[in-house]
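K.L.:
Here it is: the structure, laid out below.
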Amino acid sequence: MSSLVQRRLTSRDITELVDDAPHDVAQMSEEHRASLASRFRAVPVIEHRRLDAWMVEQAGRPHTAFAWSPATARRILGTNALRRVLATSDTILNAVRDEVADQLVRTVKGYARPGSLGHWLAGVSHPVLGLITSEAVNWATQALDLVEGLPAPWRVATSDVYYDVAGARTTLRGRRDVLLDTTDGAIILRLRSGQPGKSAGPGLRSDLVVATLAHPEGLAPRRYLGLWPDAGLVLAVDGTMDNVRAGARDFIRSAVAQRRHALVRAA
Amino acid sequence: MISSATLRATRRTLDLSDATMGRARGVMISTLFRLLVAQVHVDDPFADAIAAWRGERPDDELLEVLAHLDADQTARLRADVASHFATLARGVGPIPSSWRPRTSQRALQLLGGGRVCLRDVVDLVVGTTNHEFANVALVDVTTSPLGAGAERVMRYHALLQTLRTSVVPLRTSMFSSATGELWTLDVDTELLMRAVDDVAATLAHHRDAS
């Protein structure tokens with residue numbers, strides 16, 4: 001049976017969740033991967049399908065078109081700035097400014113494609129750029145505040161994790177912000193805004209299954225922690241086979257729901 | 001649903017247009033405060049605040065109202081925002097990055113099995129909760145003169161911050177950009193208990209009203 005643990009978001013509770021993480025984790029074999037791929041292939045798709053925890057939490061409902069805003073830009077800028085702070089001991093504000101400047105330089109040099117963050121940043125006014133900086137500083141400061149006291153060596157994730165399902169024109173995306181490297185495997189942290197809803201557990205399990213699929217040996221992380229600083233809560237799912245299976249099932253359900261919505265729209 | 005606005009509210013009647021202008025001024029000063037903390041140079045407080053506001057929430061209906069103000073009303077609001085911003089910039093001064101400032105810090109707590117939702121936004125939080133002793137200070141900015149409602153809001157901020165992080169903040173402050181006054185309270189058990197009483201009284205008032 002899949003399980004979800006909820007705790008207050010305090011240093012002591014996070015330390016306990018890290019220390020008590022299970023040592024025996026699930027491993028996805030080639031048969032598991034083949035079985036998952038066949039299930040996705042059974043849900044036909046015209047365009048390439050991209051699924052992530054957000055889609056699972058929304059039960060496959062079509063979402064509004066993505067638009068850059070200070071709120072949507074903060075995670076990328078804030079995370080990159082945090083990595084700079086750890087490497088250079090600079091202030092968070094300077095690190096965010098450097099990151100914004102780097103994005104703008106890439107755009108000027110022609111490396112940013114239309115619709116990218118750099119492209120959007122190049123077109124916003126000076127006050128909006130200030131607000132974007134403010135949001136990214138918030139993100140990085142909050143993340144640093146949460147992970148500074150962790151009881152194991154940690155690093156900021158360089159990117160989210162992706163898995164292409166063979167022959168199913170499907171890419172699964174798992175979000176991750178901070179990785180804890182322990183001797184028995186990884187523990188992954190993800191920062192979220194707002195309040196965890198009823199679908200927060202399935203969302204975390206979706207991230208867990210992508211991290212497992214993307215691991216070269218198919219090993220699940222020991223534990224996946226979702227941190228909701230606004231609500232002061234942390235939710236955790238363990239890297240058990242039950243949770244991995246539940247996460248995979250939720251992805252399939254989302255793919256089915258997504259197809260149903262697409263057919264309704266087309267009719 | 002309880003928020004700092006609920007606790008601040010007095011029972012006096014406001015003219016609708018005054019309330020709208022007051023809300024708009026409040027949003028603009030909060031936005032400008034965020035720019036100040038991010039050490040962004042502000043050329044024209046009114047224009048910069050509108051630009052930043054539109055960049056953050058382009059569909060805010062209050063922006064639509066502002067777009068339809070006549071020239072006199074716009075000029076009055078522009079002067080008002082400039083005056084409040086000058087008081088704010090002079091009163092608060094630069095915030096060092098080493099204090100780890102976070103602006104518009106949100107908090108959300110569900111009580112009573114989700115039947116009561118406590119929401120809060122603090123304009124500025126400095127310090128960290130990762131120390132043995134509390135060293136977090138909360139600063140709120142209001143465009144109104146400070147009064148009894150302001151004290152309730154300061155206590156509410158401290159309560160929500162405590163519930164959110166499980167760490168009691170050191171101080172809770174409120175700055176008025178109308179008068180330049182700054183009120184600061186040390187946070188202790190008594191203050192938190194009074195905050196609980198405030199919330200309970202507000203809930204009772206809501207229950208009686210409905």
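The values are calculated or read from the model by the stated rules, or taken from the named source; none is laboratory data. What you see is a predicted model, and the numbers here were worked out from it, not measured in a lab. A quick note on method: Cβ atoms are made from the backbone with ideal geometry, for glycine too, and the neighbour counts reach across all protein chains shown.
K.L.:
Considering only region A:64-78, I want to know if a residue exists there that is closer than 30 Å to B:GLU56 by Cα, among the hydrophobic types (A, V, I, L, M, F, W, C) and away from every other protein chain (no Cβ under 14 Å). Talk me through it step by step, then tell me what you get.
P.N.:
Step one: of region A:64-78, the residues closer than 30 Å to B:GLU56 by Cα are A:64-78.
Right, trim to among the hydrophobic types (A, V, I, L, M, F, W, C) and you get A:65-68, A:71, A:73, A:76-77.
Among the residues that remain, those that are also away from every other protein chain (no Cβ under 14 Å) are: A:66, A:76.
The answer is yes; a qualifying residue exists.
K.L.:
Hey, can you tell me all the residues within region A:18-48 that are surrounded by 15 or more Cβ atoms within 10 Å (Cβ to Cβ) and either in a loop (DSSP other than H, G, I, E, B) or on the phi > 0 side of the Ramachandran plot (or both)?
P.N.:
First, pick out the residues of region A:18-48 that are surrounded by 15 or more Cβ atoms within 10 Å (Cβ to Cβ): A:18, A:21, A:25-28, A:32-33, A:36-37, A:39-41, A:43, A:45.
Result: A:ALA21, A:VAL25, A:ALA26, A:MET28, A:VAL43, A:VAL45.
K.L.:
Could you tell me which numbered condition B:ALA49 fails, if it satisfies all but one of (1) at pLDDT 95 or above; (2) surrounded by fewer than 20 Cβ atoms within 10 Å (Cβ to Cβ); (3) in contact with a Ser or Thr (Cβ under 8 Å, 6 or more places away or on another chain); (4) small (Gly, Ala, Ser)?
P.N.:
(2)
K.L.:
Oh, and also: Within region B:130-210, considering only strands (runs of 3 or more DSSP E) that don't extend past its boundaries, which have at least 2 residues that are touching a residue at least 40 places away in the same chain (Cβ under 8 Å) and in contact with an Asp or Glu (Cβ under 9 Å, 6 or more places away or on another chain)? Break it down into steps so the answer makes sense when it comes.
P.N.:
On the way: elements: B:137-142, B:171-176, B:182-186.
Correct list: B:137-142.
K.L.:
Looking at region A:167-177, is at least one residue more than 12 Å from the chain's Cα centre (by Cα) and acidic (Asp, Glu)? Reasoning before the result, please.
P.N.:
Step one: of region A:167-177, the residues more than 12 Å from the chain's Cα centre (by Cα) are A:167-171.
Filter again for acidic (Asp, Glu), leaving none.
No, that holds for no residue.
K.L.:
Could you go through region A:51-58 and let me know if any residue there is under 18 Å from the mean Cα position of the chain (by Cα), in a loop (DSSP other than H, G, I, E, B) and not β-branched (Val, Ile, Thr).
P.N.:
yes
K.L.:
Of all helices (runs of 4 or more DSSP H) completely enclosed by region B:22-113, which ones contain at least 2 residues that are of a type in the set (Ser, Thr, Tyr)?
P.N.:
The helices (runs of 4 or more DSSP H) meeting that bar are B:71-92.
K.L.:
A follow-up question, please. Kindly provide the set of residues from region A:59-71 that are surrounded by 18 or more Cβ atoms within 10 Å (Cβ to Cβ) and not in a loop (DSSP other than H, G, I, E, B), ordered by number.
P.N.:
Of everything in region A:59-71, just one residue is surrounded by 18 or more Cβ atoms within 10 Å (Cβ to Cβ) and not in a loop (DSSP other than H, G, I, E, B), namely A:PRO70.
K.L.:
Within region B:103-120, which residues are in contact with a helix residue (DSSP H, G or I) (Cβ under 7 Å, 6 or more places away or on another chain) and either within 10 Å of chain A (Cβ to nearest Cβ) or farther than 21 Å from B:VAL196 by Cβ (or both)?
P.N.:
B:THR103, B:SER104, B:ALA107, B:GLN109, B:ASP120
K.L.:
Okay, moving on. Anything in region A:84-111 that is among the charged types (D, E, K, R) and surrounded by fewer than 17 Cβ atoms within 10 Å (Cβ to Cβ)? List them, or say none. Explain how you work it out, then say what you get.
P.N.:
The initial filter retains those residues of region A:84-111 that are among the charged types (D, E, K, R), namely A:84, A:90, A:97-99, A:102, A:106, A:109.
Correct list: A:ASP90, A:ASP98, A:ASP102, A:LYS109.
K.L.:
Oh, and also: Any idea which of A:GLU57, A:GLU31 is in contact with a Pro (Cβ under 7 Å, 6 or more places away or on another chain), away from chain B (no Cβ under 14 Å) and farther than 22 Å from A:ALA186 by Cβ?
P.N.:
Working: A:GLU31 fails: in contact with a Pro (Cβ under 7 Å, 6 or more places away or on another chain).
Matching residue, one of A:GLU57, A:GLU31: A:GLU57.
K.L.:
Looking at region A:142-162 only, could you name the residues that are in contact (Cβ under 8 Å) with a residue 40 or more places away in the chain, within 14 Å of chain B (Cβ to nearest Cβ) and part of a loop (DSSP other than H, G, I, E, B)?
P.N.:
Hits for region A:142-162 are A:GLY149, A:LEU150, A:PRO151.
K.L.:
Exactly one of (1) surrounded by 15 or more Cβ atoms within 10 Å (Cβ to Cβ); (2) out of contact with any Pro (no Cβ under 9 Å at 6 or more places or on another chain); (3) under 26 Å from B:GLY147 (Cβ atoms); (4) modelled with pLDDT of 95 or more is unmet by B:THR31. Its number?
P.N.:
With (1) surrounded by 15 or more Cβ atoms within 10 Å (Cβ to Cβ); (2) out of contact with any Pro (no Cβ under 9 Å at 6 or more places or on another chain); (3) under 26 Å from B:GLY147 (Cβ atoms); (4) modelled with pLDDT of 95 or more applied to B:THR31, the lone miss is (2).
K.L.:
Only residues that are under 14 Å from A:VAL137 (Cα atoms) and surrounded by fewer than 19 Cβ atoms within 10 Å (Cβ to Cβ): list them for region B:94-115, please.
P.N.:
B:PRO96, B:SER98, B:TRP99
K.L.:
Mind telling me which of the residues A:LEU233, A:LEU219, A:LEU225 ends up being more than 16 Å from the chain's Cα centre (by Cα), of a type outside the set (Lys, Arg) and closer than 13 Å to A:ILE187 by Cα?
P.N.:
Details: A:LEU233 fails: closer than 13 Å to A:ILE187 by Cα; A:LEU225 fails: more than 16 Å from the chain's Cα centre (by Cα).
The match here is A:LEU219.
K.L.:
Just give me the residues in region B:116-154 being over 17 Å from B:GLU181 (Cβ atoms), under 13 Å from the mean Cα position of the chain (by Cα) and either among the small types (Gly, Ala, Ser) or buried (at least 23 other Cβ atoms within 10 Å of the Cβ) (or both), in sequence order.
P.N.:
Residues satisfying the conditions are B:ASP120, B:VAL122, B:VAL125.
K.L.:
Quick check on A:GLY130: is it within 13 Å of chain B (Cβ to nearest Cβ), of a type outside the set (Asp, Glu) and exposed (fewer than 15 other Cβ atoms within 10 Å of the Cβ)? Walk me through how you get there before you give the answer.
P.N.:
On the way: within 13 Å of chain B (Cβ to nearest Cβ): yes; of a type outside the set (Asp, Glu): yes; exposed (fewer than 15 other Cβ atoms within 10 Å of the Cβ): no.
Against the criterion (within 13 Å of chain B (Cβ to nearest Cβ), of a type outside the set (Asp, Glu) and exposed (fewer than 15 other Cβ atoms within 10 Å of the Cβ)), A:GLY130 does not qualify.
K.L.:
Take A:VAL234 and tell me if it is assigned to a helix (DSSP H, G or I) and modelled with pLDDT of 95 or more. Break it down stepwise before answering.
P.N.:
Values: assigned to a helix (DSSP H, G or I): no; modelled with pLDDT of 95 or more: yes.
So A:VAL234 fails the test.
K.L.:
Here's a follow-up. Consider A:VAL161 carefully, then state whether it is touching a helix residue (DSSP H, G or I) at 6+ places or on another chain (Cβ under 6 Å), at pLDDT 95 or above and farther than 25 Å from B:VAL42 by Cβ.
P.N.:
Details: touching a helix residue (DSSP H, G or I) at 6+ places or on another chain (Cβ under 6 Å): yes; at pLDDT 95 or above: yes; farther than 25 Å from B:VAL42 by Cβ: yes.
So A:VAL161 passes the test.
K.L.:
For A:SER125, are the conditions met, namely being free of Cβ contacts under 8 Å to residues at least 12 places away in the same chain and within 9 Å of another protein chain (Cβ to nearest Cβ)? It would help to see each step written out before you state the result.
P.N.:
Working: free of Cβ contacts under 8 Å to residues at least 12 places away in the same chain: yes; within 9 Å of another protein chain (Cβ to nearest Cβ): yes.
Taking the combined requirement at face value, the residue satisfies it.
Residues are listed down the side, and each one gets a yes or a no for (1) touching a residue at least 40 places away in the same chain (Cβ under 8 Å); (2) within 30 Å of B:ARG54 (Cα to Cα); (3) in a helix (DSSP H, G or I):
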residue	(1), (2), (3)
A:LEU82	yes, yes, yes
A:GLN103	no, yes, yes
A:ASP164	no, no, no
A:ARG173	yes, no, no
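K.L.:
Let me ask another. Being closer than 29 Å to A:ARG39 by Cα and either crowded, with 20+ Cβ neighbours inside 10 Å or within 14 Å of chain B (Cβ to nearest Cβ) (or both) is the requirement here; does A:VAL165 meet it?
P.N.:
Details: closer than 29 Å to A:ARG39 by Cα: yes; either crowded, with 20+ Cβ neighbours inside 10 Å or within 14 Å of chain B (Cβ to nearest Cβ) (or both): yes.
In short, yes.
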